[in-house]
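The values are calculated or read from the model by the stated rules, or taken from the named source; none is laboratory data. Source: prediction; values computed, not measured. Cβ coordinates were reconstructed from backbone atoms using ideal geometry, including for glycine residues, and neighbour counts include every protein chain displayed. With ligands, DNA and RNA removed, areas are computed over all heavy atoms of the protein, side chains included. Shrake-Rupley method; radii C 1.70, N 1.55, O 1.52, S 1.80 Å.
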Amino acid sequence: MNRSIVVAAVLAAVAGGAAAQTAAQFPNKPITIVVPATPGGAIDQAARLIGQKLTAAWGQAVVIDNKAGATGVIGTEFVAKAAPDGHTLALVASSHAINPSMFKKLPYDTVKGFEPVVLTHVVPLMMVVTPSVPAKSVAEFITWGKANPGKVSFASSGNGGAPHMSGELFKSMAGIDMTHIPYKGSAAAHPDLMSGQTQVMFDTLAAVQPHLKTGALKGLAVTTAKRVPGVDLPTIAEAGLPGYETTTWGGVLAPAGTPKDVVAKLNAEFNKGLAQPDIKKKINDAGIDVAGGTPQQFADFLQAEMKKWAKVAKDANIQPE
């Protein structure tokens, strides 16, 4: 037999054995979950809550490492370049699927650079308006917006996030001439919205709830396909814009090349954690819906999200930077 073939066979056998050994012994050191955002948001909360369950299950520390910047690109790139052994993960947000439409070039391949592990959660958004807007429903807002072309602006937590793209989708589907005003975070956008400098925003329930209670903002509808339990508002789709649906979400990715059985082991443990009653309650209390599922379901979801937001960006004539 050709010597090179023998060497190749031996190397393949060694690699296969190493992968099997890695899966059998995984985890054999602390796990780092990189959150490519600042502390306090939905993905950060989910990572910390589930991380506690992983630590209890495996007896290994789970470290949450916030690496914010560039709409999630900085932290995500760190994980893309990490060792593919399952000990370094990313808990990304919906911006992961939006970024390919916002940047001409990313330092990683959004799909091929990672192994999807699990969709952890989905976050409904709410369409809120400043009290001076004379609309009590989505249909009335659309009528008012069309009657005031160029005078309506929508706030967001920054370019390329779900609140921004949700506004762009609404603008496109409703046929309203609205100007996007990005801010550095959700909280930074609220003062101008409450004072009437901007008129509308699509934001998380947790972020706007305090302002709804004081009457500083008015809620018109939720962005999900179905009504949100405990929220006395219709969906945008049923309230005047059929077919409209957006959310922000979180999901776990491992570096490309992570052994499939390690991914399967991670997936099983994340799903167990998400199913725990105390975790579900804490996540639900924060206005977040628990997800879960298989790696393939998350992979399919990512592809659908990328396709959806690429069309929204194109329709909005957003030029990648």
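Things to note:
- Accessible area expressed per residue, the chain, with surrounding protein chains retained (probe 1.4 Å, Å²): 45
- Taking amide H as placed 1.01 Å from N in the peptide plane, the amide H of Tyr244 sits under 5 Å from that of Ala237, each at least 5 places away or on another chain.
- Calculated [222 nm] ellipticity per residue, helices only, for the chain: -14500 deg cm²/dmol; basis is -39500 (n - 2.57) per DSSP H run with n ≥ 4, divided by all residues, nearest 500.
- R0 of 41 Å, Cβ-Cβ distance Val63-Lys314: FRET efficiency to nearest 0.05: 0.55
- Over 28 Å apart at the Cα level, from the set Lys29/Lys272; Lys29/Lys67; Lys105/Lys265; Lys104/Lys218; Lys53/Lys307, are Lys105/Lys265; Lys104/Lys218; Lys53/Lys307.
- Across Ala37, Ala206, Ala155, mean-square fluctuation computed from a Gaussian network of the chain (C-alpha pairs under 10 Å connected) peaks at Ala206.
- By DSSP, the beta bridges lying fully in the chain are antiparallel in about 60 percent of cases.
- For the chain, the fraction of 1.4 Å probe accessible surface lying on carbon and sulfur atoms is 57 percent.
- Within the chain, longest stretch free of exposed trypsin sites (Lys or Arg not before Pro) [DSSP loop, at most 15 other beta carbons within 10 Å]: 228-321
- Sites listed here are GluC sites (Glu not before Pro) in the range 209-317 whose DSSP assignment is loop and whose Cβ has at most 16 other Cβ atoms within 10 Å: Glu245.
- Computing P(r) over Cα pairs in 10 Å bins from 0, in percent directly from the structure and comparing it against (i) 5, 26, 35, 24, 8, 1, 0; (ii) 6, 26, 31, 21, 10, 4, 2, 1, 0; (iii) 6, 24, 35, 27, 8, 1 singles out (ii).
- Taking amide H positions as modeled 1.01 Å from N, with prolines and chain starts lacking one, the residues under 5 Å from Ala37 and 5 or more places away or on another chain are Lys67, Ala68.
- Amide H contacts under 5 Å for Gly86, placed H, 5+ residues apart: none
- With a simple spin-label model that places each label point 7 Å from the Cα along the Cα-to-Cβ direction, the separation between Lys272 and Lys29 comes to 2.3 nm.
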